[in-house]
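What follows is one structure encoded as structure tokens, with my remarks underneath.
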Amino acid sequence: MGLGLKRSDLQAVAQCKLDDAATLLQHNRYSNAYYLAGYAVEIGLKACIARQMTAETIPDKALIKKILNHDFSTLIGLAGLAQPLKDHQDGDATFATYWGIVGEWEPDIRYEPVEQMSAQLLVQAVGDPKSGVLTWIKTHW
């Protein structure tokens with residue numbers, strides 16, 4: 001990965017993580033389904049950030065450190081999506097609920113068991129084709 005990932009790579013990886021999460025959910029692998037669904041959101045947000053990168057420009061080291069974190073609020077800010085997120089939440093109650101569910105995700109969940117209901121809710125919140133979080137992210141990447 002020496003030169004990093006292109007935006008199109010990040011987009012493909014985000015979708016693959018969601019697809020894998022759905023497959024794991026179908027096979028009762030709830031913890032891993034939950035974990036990957038959250039990573040689909042993180043990687044999707046990073047694709048939105050990549051859209052803002054200028055070719056032949058080395059980003060500031062502090063910016064790179066911020067991009068490499070797992071905090072959705074930080075990534076939303078870096079992607080310039082704070083206001084669009086608020087506007088979409090105000091206009092779509094289902095999306096607002098889904099965003100609340102997604103906001104509970106943390107990468108350290110990989111060390112904990114996740115029950116079926118939590119995994120189902122997160123995979124649905126991320127992947128719903130109408131109001132899902134990844135569906136919204138795709139409009140900005």
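The values are calculated or read from the model by the stated rules, or taken from the named source; none is laboratory data. None of these values were measured; they are calculated from a predicted model. Glycine gets a Cβ as well: all are built from the backbone with ideal geometry, and neighbour counts include every protein chain shown. These accessible areas exclude ligands, DNA and RNA; they are computed on the full protein's heavy atoms, side chains included. Shrake-Rupley method; radii C 1.70, N 1.55, O 1.52, S 1.80 Å.
Tabulated data
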| quantity | calculated |
| --- | --- |
| Accessible-area composition of region 35-130, carbon plus sulfur, in percent [1.4 Å probe] | 54 percent |
| Per residue solvent-accessible surface (Å²) - region 16-78, probe of 1.4 Å | 57 Å² |
| Of the DSSP H helices in the chain, those whose Cα atoms cover at least 27 Å axially and whose Kyte score averages 1.6 or more | none |
| Gaussian network model of the chain, springs between alpha carbon atoms under 10 Å - residue of VAL126, VAL114, VAL102 with greatest fluctuation | VAL114 |
| Extension gain, ALA82 back to LEU63 (0.36 nm per residue minus Cα-Cα distance, nm) | 5.1 nm |
| Pairwise label distance in nanometres, ASP19 with ASP90, each label 7 Å out on the Cα-Cβ vector | 3.7 nm |
| Average Cα contact separation per residue, the chain, under 8 Å, 6 or more apart, as relative contact order % | 33 percent |
| Cα Rg, Dmax (largest Cα-Cα span) when computed across the chain, Å | 14.9, 46 |
| Using distinct alpha-carbon pairs, which all enter the 1/r mean, Kirkwood radius of region 85-141 in Å | 11.9 Å |
| Length released on extending from GLN52 to LYS138, taking residue separation times 0.36 nm less the Cα-Cα span | 29.5 nm |
| Within straight-line cross-link reach of LYS130, lysines at Cα separation under 28 Å, skipping those fewer than 8 residues along the same chain | LYS6, LYS17, LYS46, LYS86, LYS138 |
| Test item: Cα-centred dipole of the chain, Lys/Arg +1 and Asp/Glu -1 on Cβ, debye | 440 debye |
